[in-house]
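Have a look at the structure below, then the notes.
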Amino acid sequence: MPFQSSEKTRQNRNSRLIKIVNGRIVRNHTIINDDVLYIHDGKIIDPQNHFFACGNPPDVLINAKGLLIAPGYIDVQINGAFGVDFSVWKGDKQMKEGLDKIAKGLVKYGCTSFVPTIVSSHKEVYHQVLPTLKPRKGNKDNGAEVLGVHVEGPFITSSQLGAHEESCLRAAPNGINDFVDIYGLHELKDNPIKIITVAPDVEGVLDSLEELVNFGITVSIGHSSATVFQAESAIEKGAKCITHLFNAMQQVDLAFLFDLMFHHRDPGIVGLLGTTRITRPFYGIICDGIHVHPNSIKIAYDSNPKGAILVTDAMAALGLPPGEYTLGGISVRKSGNEKVEVVENGKLAGSVISIDACVKNFKKFTGCSVIEAIEAATLHPAELLGIQNFKGTLNVGADADFVFLDDDLNVVKCFIAGEEISTS
């Protein structure tokens with residue numbers, strides 16, 4: 001038999017017609033019992049149209065045995081995992097190997113798409129790292145799909161650093177030109193930045209939002225001491241999301257608890273949960289029980305259930321034992337209770353929770369339905385990025401990225417582009 005390239009082999013695999021039976025399918029905000037899913041060329045298809053066109057019977061029949069079939073999870077904020085830190089430059093080869101390691105490793109958690117996140121860094125780091133994290137398709141060879149990059153900073157407030165390095169922070173007195181310069185956008189053939197986190201109270205940020213949106217970038221606000229007026233202004237100018245709600249915001253910064261806790265006269269960014277003047281934005285929430293108290297998560301959910309987006313904010317220690325690691329060059333320590341803190345000052349520094357655990361916790365903390373918990377990690381992040389027609393859904397025409405879940409929402413099987421990916 002003649003040798004076939006991996007790409008040719010993949011195309012041959014995808015050309016098969018796959019039929020999945022006896023599954024409970026999450027579709028259109030409901031669970032459809034004993035439904036059927038048809039897949040061809042890595043897409044979910046309408047079987048009637050297919051059979052009318054060619055009449056071919058399925059090549060592969062998969063029995064879901066009553067398991068729940070849900071869209072694959074999407075993580076829009078993940079700093080690293082398995083010993084890899086996206087914000088630390090180690091050369092093209094090492095960055096690719098690290099990206100491959102994470103993309104393949106995340107599959108066991110049901111994550112089929114993700115947005116690698118870079119914390120506040122110096123200019124040269126962005127110019128080195130961004131070209132290596134361009135979008136790429138997910139499949140059996142690549143693992144989870146890379147949707148682009150989330151640049152979390154450096155246009156954030158110094159009083160709300162979190163685990164970011166203060167020397168990296170920037171203002172934007174020259175407007176959009178400062179963003180172009182820092183990220184090297186004028187040097188990039190294709191802009192890989194999918195999401196940007198900025199602080200509305202930093203000089204020049206509010207005046208740059210509309211132009212950032214014109215670059216095709218989804219704007220999120222966070223790491224900020226913005227007033228509620230500034231926060232609402234940011235949403236009016238095109239921002240769509242709040243980055244890790246309740247964290248790195250003055251109202252809940254424990255270092256200033258007695259002076260700057262949530263205030264009824266100016267609730268700041270958190271106040272967007274109650275706005276009636278504008279559309280309430282999406283909000284990322286870390287459901288590890290460490291970053292946000294379950295009661296706070298419940299308050300956010302009750303205020304805007306359709307805006308909840310589960311994020312891990314995971315860093316290099318995800319999937320690894322307790323010990324010392326890095327986050328953007330800052331030394332951090334993972335303890336036995338799964339808490340990650342900056343070695344120097346004890347500040348929280350990302351998480352080590354997986355996206356499937358976030359889904360389980362969200363359901364537990366809020367009392368929401370299974371569908372709502374799943375959609376917070378599938379449909380909602382897809383809507384944030386404007387890709388809901390082919391990600392985060394099992395409707396006809398969508399990418400065939402999905403998971404089999406048991407009744408406790410444990411991941412049993414994971415499929416990307418219609419192919420089962422090993423979760424071992």
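Roughly to the nearest percent, how much of the accessible area of the range 286-424 is carbon and sulfur, given a 1.4 Å probe?
Carbon and sulfur atoms account for 47 percent of the accessible area of the range 286-424.
Output ³J(HN,Hα) for the range 181-192: one whole-Hz value per residue in order, computed from phi by the Karplus curve 6.51 cos²θ - 1.76 cosθ + 1.60 with θ = phi - 60°, and x for Gly and Pro.
With the stated coefficients, the range 181-192 comes to 5, 4, 8, x, 4, 6, 9, 8, 5, 10, 6, x Hz.
Tally Lys/Arg at +1 and Asp/Glu at -1 over every other residue whose Cβ is under 14 Å from the Cβ of GLU152; what's the total?
-2
So, by mean Cβ neighbours within 10 angstrom, what's the order for 172-178, 59-65, 311-317, 328-334 with the highest one leading?
Per-residue mean Cβ counts within 10 Å order the peptides as 311-317, 328-334, 172-178, 59-65.
Sum -39500 (n - 2.57) across every DSSP H segment of at least 4 residues in the chain, then divide by the residue count to get the 222 nm mean residue ellipticity, nearest 500.
Taking each H run of at least 4 residues, the total per residue is -6500 deg cm²/dmol.
Under 1.5 on a/c is rounded, so check that first for the range 99-241, then, if it is not, pick prolate when a/b is larger than b/c and oblate when it is not; a ≥ b ≥ c are the square roots of the alpha carbon gyration tensor eigenvalues.
Judged from the Cα gyration tensor, the range 99-241 comes out prolate (a/c at least 1.5, a/b above b/c).
In the range 148-249, carbon and sulfur make up what percent of the accessible area (probe 1.4 Å)?
The C+S portion of the solvent-accessible surface of the range 148-249 is 45 percent.
Extension gain LYS137-ASP181, at 0.36 nm per residue separation less the Cα-Cα distance, in nm?
The span from LYS137 to ASP181 would gain 13.0 nm if fully extended.
Could you go through the range 154-168 in sequence order and give the Karplus-derived ³J(HN,Hα) for each residue, using 6.51 cos²θ - 1.76 cosθ + 1.60 with θ = phi - 60°, rounded to whole Hz, and x for Gly and Pro?
Those phi angles translate into x, 8, 10, 7, 5, 6, 10, 5, x, 9, 8, 8, 4, 5, 8 Hz.
Taking the DSSP beta bridges in the chain as the whole, what percent of them are antiparallel, to the nearest 5?
50
Does a label point 7 Å from the Cα of THR279, set along Cα-to-beta-carbon, have any residues of the range 192-230 with amide nitrogen under 16 Å, and which are they?
210, 213-214, 217-221, by backbone N distance to the label point.
With the cut-off at 1.5 for a/c, could you classify the range 373-424 from its C-alpha gyration tensor as rounded, prolate or oblate?
Oblate, since a/c reaches 1.5 and b/c is not below a/b.
Top to bottom by accessible area (1.4 Å), largest first, where do THR117, THR276 land?
THR276, THR117
For the chain, what is the accessible area per residue in Å², given a 1.4 Å probe and the full set of protein chains?
Normalised by residue count, the accessible surface of the chain is 41 Å².
Once phi is turned into ³J(HN,Hα) by the Karplus curve 6.51 cos²θ - 1.76 cosθ + 1.60 with θ = phi - 60°, what whole-Hz value does each residue of the range 107-114 show in order, with x for glycine and proline?
So the J values, rounded to whole Hz, are 4, 5, 9, x, 7, 10, 8, 7.
Calculated FRET efficiency, VAL60 and ARG333, Cβ-Cβ r, R0 45 Å, to nearest 0.05?
0.45
Give a quick list of GluC sites (Glu not before Pro) in the range 336-424 that DSSP marks as loop, anything other than H, G, I, E or B, with at most 14 other Cβ atoms within 10 Å.
Answer in residue order: GLU344.
How big is the gap, in Å, between the Cα center of the range 56-131 and the Cα center of the range 29-51?
26
Normalised by the number of residues in the chain, what is the relative contact order in percent for Cα pairs under 8 Å and 6+ residues apart?
Computed value for the chain: 20 percent relative contact order.
Take the alpha carbon atoms of the range 359-424, find their center, do the same for the range 323-341, and report the distance between the two centers in whole angstrom.
First find each Cα centre; the distance between them is then 29 Å.
Whenever you get a sec, compute what percent of the accessible area on the range 31-105 sits on carbon and sulfur atoms (1.4 Å probe).
53
The values are calculated or read from the model by the stated rules, or taken from the named source; none is laboratory data. Just so we're clear, the structure is a prediction, and the values are computed from it rather than from any experiment. Backbone-built Cβ (ideal geometry, glycine too); neighbour counts: all protein chains shown. Heavy atoms of the whole protein, side chains included, go into the accessibility calculation; ligands, DNA and RNA do not. Shrake-Rupley method; radii C 1.70, N 1.55, O 1.52, S 1.80 Å.
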